[in-house]
Amino acid sequence: MSRFLSERFCELCAYVPGEQPKDMEYIKLNTNESPYPPAPELMKTIDEKLLGNLRLYSDPECKRLREAIARENKVNLENVFLGNGSDEVLSFIFMAFCDKGERVSYPDISYGFYSVYSELYGLSKNEVPLKDDFSIDPSDYMNLNSTVVIANPNAPTGLCLSLEDIEKIAKSNPDNIVAIDEAYVDFGGKSSIELTKKHDNLLVVQTFSKSRSLAGARLGFAIGNEKLIADLEKLRYSTNPFNVNSISLALGIAALEGREYYDKRIQDIIRTREGSAQEMKSMGFELTDSRGNFLFARHPKLGGERLYSELRSRGILVRHFKKPRIDDYVRITIGTERQMETMLYALKEMLSI
Ligand code: PMP
């Protein structure tokens, strides 16, 4: 058969999502989803009226949810861009603000999609090595004259950059976009949203997938200067103005009303993270100081691949990245207290302790 795929995509390496096997019931600690259901407020949202209205297109302006996000984050409607998950928001950012062949800089160990989007949009990848302790050296990002994308907290390390450092990075690259991906910020990071009011090249990206237990609804957003948001809107309207469906829009609004519930679940996750980390340290694991809803760990006696496969054979899924420098590690999403107890018990068994 002839090749139909455009030449420019032949070498593209697609993103590989964490596995979702269906052969049995696993304890799923591999894709940083929340172990808790969404807030009770959401359960009443999908009613006959909403379902009946599915015959209509969703609101292309996503106005009510954008207003609610703006209120929550003390910005204006014009500062909020909504997408079908923050993956789509990031895709629009890479598409909008980098010309073909231009450099985009991000840490060499970070969220896999940055590299995929760079390739997809024909950009030149500047993968900046993390320090030996996996932290980001902010001085590596000064005066780069390139678009910068940084996850804060970073994934899969869970380590944070201070807001002072982010501000310095934004200031030193005034002619380029600095995008801060805050997918995990609610689990112990500090948000840069306030800084977007001072720095018109700074964009902050967040998601409803993690702390709001809505990964399946696909809701993500960016906050930044209204001119940047208008640029993103131009591309969204040129791609799919109905990118966020009516059910997810309604769920997003309800989720913002469930603040009290989510605050409690976030505290539960942080408490479980800290307890599990302590327990793993006592088993001889080395861990980063993760501020995400996950742990990043290695053990001197067990390689990453072995940890991953032995846990899998016990019905527990974690994430292993076959990548230099982090090959020894696994990333373990924080589950319920009970799920983590089972996981810790499995680790003890593997270590015969
Ligand atoms: N950024 C980071 C750092 C992530 O880990 C993820 C989720 N895997 C995302 C963005 C995308 O999340 P979503 O598309 O579900 O909003």
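I need the full set of residues from the range 73-102 which are charged (D, E, K, R), under 22 Å from SER192 (Cβ atoms) and either within 16 Å of the ligand (Cβ to nearest atom) or surrounded by 13 or more Cβ atoms within 10 Å (Cβ to Cβ) (or both), in order please.
Within the range 73-102, GLU78, ASP87, GLU88 qualify.
Quick check on my filter: what residues within the range 207-232 are farther than 26 Å from THR45 by Cβ, in contact (Cβ under 8 Å) with a residue 40 or more places away in the chain and either assigned by TED's automatic domain parsing to the domain that holds ASP268 or not hydrophobic (A, V, I, L, M, F, W, C) (or both)?
Selection gives GLY224, ASN225, GLU226, ASP231.
How many residues does the range 5-27 hold that are under 18 Å from ALA155 (Cα atoms) and either in contact with a Cys (Cβ under 9 Å, 6 or more places away or on another chain) or of a type outside the set (Phe, Trp, Tyr) (or both)?
Total meeting the criteria: 4.
With respect to the numbered conditions (1) closer than 24 Å to LYS74 by Cβ; (2) more than 11 Å from the ligand (Cβ to nearest atom); (3) out of contact with any Ser or Thr (no Cβ under 6 Å at 6 or more places or on another chain); (4) part of a loop (DSSP other than H, G, I, E, B), which one is the sole condition not fulfilled by ILE229?
Among (1) closer than 24 Å to LYS74 by Cβ; (2) more than 11 Å from the ligand (Cβ to nearest atom); (3) out of contact with any Ser or Thr (no Cβ under 6 Å at 6 or more places or on another chain); (4) part of a loop (DSSP other than H, G, I, E, B), ILE229 violates only (4).
Name the single residue that is surrounded by the fewest Cβ atoms within 10 Å (Cβ to Cβ) among those in the range 1-58 being away from the ligand (no atom under 16 Å from the Cβ) and acidic (Asp, Glu).
ASP23
Count, please, the residues in the range 200-217 that happen to be under 12 Å from the mean Cα position of the chain (by Cα), surrounded by fewer than 20 Cβ atoms within 10 Å (Cβ to Cβ) and away from the ligand (no atom under 11 Å from the Cβ).
So the count comes out to 0.
Among PRO174, PRO156, which is the only one that is part of a loop (DSSP other than H, G, I, E, B) and surrounded by fewer than 17 Cβ atoms within 10 Å (Cβ to Cβ)?
Result: PRO174 is the single residue among PRO174, PRO156 that is part of a loop (DSSP other than H, G, I, E, B) and surrounded by fewer than 17 Cβ atoms within 10 Å (Cβ to Cβ).
Does SER105 count as assigned by TED's automatic domain parsing to the domain that holds VAL204, in contact with a strand residue (DSSP E or B) (Cβ under 9 Å, 6 or more places away or on another chain), away from the ligand (no atom under 15 Å from the Cβ) and among the polar types (S, T, N, Q)?
So SER105 fits the description; yes.
A quick yes/no check of all residues on (1) within 16 Å of the ligand (Cβ to nearest atom); (2) surrounded by 24 or more Cβ atoms within 10 Å (Cβ to Cβ):
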site	(1), (2)
SER110	yes, no
PHE113	yes, no
LYS125	no, no
LEU130	yes, no
TYR141	no, yes
ILE150	yes, yes
GLU167	no, no
ALA183	yes, yes
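Can you tell which of LEU311, LEU347, LEU295 is assigned to a helix (DSSP H, G or I), within 27 Å of ASP133 (Cα to Cα) and in contact (Cβ under 8 Å) with a residue 40 or more places away in the chain?
LEU347
Do we have any residue at all in the range 113-128 that's assigned to a loop (DSSP other than H, G, I, E, B) and of a type in the set (D, E, K, R)?
There is no residue in the range 113-128 that is assigned to a loop (DSSP other than H, G, I, E, B) and of a type in the set (D, E, K, R).
Taking the range 185-199 as the search range and keeping residues that are in contact with a strand residue (DSSP E or B) (Cβ under 8 Å, 6 or more places away or on another chain) and either among the acidic types (Asp, Glu) or not in a loop (DSSP other than H, G, I, E, B) (or both), which one is nearest to the ligand (Cβ to nearest atom)?
Within the range 185-199, the match that is nearest to the ligand (Cβ to nearest atom) is VAL185.
The values are calculated or read from the model by the stated rules, or taken from the named source; none is laboratory data. Note that the structure is a prediction, hence the values are computed from the model and not measured. FYI the Cβ positions are ideal-geometry reconstructions off the backbone, even for glycines, and counts take in every protein chain you see.
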